[in-house]
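Undergrad: Please read through the structure below; I'll follow up with questions.
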Amino acid sequence: KHFSMKRLIVLYMLLLSCCVLAQNDTIKLHPKQQIEYRHNISAQVNPAGTYLNMIISNHTFKNNIVDWHGAFRYTYTVHPNILVGGEVSYTSLEFYNADSQKDKTKLEMGYYAHDLGALARFICNKPKWCRPFADIVLGYRKAYYFGGKAGTQDHEMLIINQFQWYAAAGVSFRFWKNHFNIDLMCKASTLGFADGRAVTFGWKIGYNFNSK
């Protein structure tokens, strides 16, 4: 059964409501537990994931491949060790005839996916420059397939809506008074990632700040 979009929105709003409650200082912290930065925005763009996979595996394909994946997330720190927020991502994978990457009439197979999810992160703040963390993301994916490998004929499109979750563990490197971070992680998903794997490595670049 497909996961209801309405239920996902309710879940997403419940998690984000923690941000609003935290604004009221309802969470009492020990002086040594004061929160350094409340807000974080992070982004990721992979323009060549498929090409890297081909190089690593020494595979060659007659077709040209265009692969893009981008993600954006926002988190709010409700406790020095707990962050909650949301994440959106987009994946595009296109297989073209060998003589063209731009002529849409020569597109053999395509896959596009939009993901929306609510997330929570537990992070250990020591050492300050390299902080271990664990993420859990609950979300909804809307995917579009067309072409022979999608079980369709010609350019007929197949649309699939699915509930998903993924977990990640990694380290967050901090720079410039901890304003910037680079997150390196290993991720496991129920639906797989942009490189086609259920377990893969990922990264994000982020900025931490406080609102006035």
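Undergrad: Quick one: which residue in 49, 110, 70 is at pLDDT 70 or above, farther than 17 Å from residue 206 by Cβ and among the small types (Gly, Ala, Ser)?
TA: Only one candidate passes the filter, namely 110.
Undergrad: When the stretch 186-212 is examined, which residues are found to be surrounded by fewer than 16 Cβ atoms within 10 Å (Cβ to Cβ) and β-branched (Val, Ile, Thr)?
TA: The answer is 190, 199, 205.
Undergrad: Among all residue pairs at least 6 apart or on different chains, which show Cβ distances below 9 Å where the first residue, located in the stretch 158-171, is closer than 29 Å to residue 123 by Cα and surrounded by 14 or more Cβ atoms within 10 Å (Cβ to Cβ) and the second is acidic (Asp, Glu) and at pLDDT 90 or above?
TA: Pairs found: 164/115; 166/135; 167/135; 168/135; 168/183; 170/135; 170/183; 171/183.
The values are calculated or read from the model by the stated rules, or taken from the named source; none is laboratory data. These numbers come from a predicted model, not from an experiment. Note: ideal-geometry Cβ built from the backbone for every residue, glycine included; neighbour counts use all protein chains shown.
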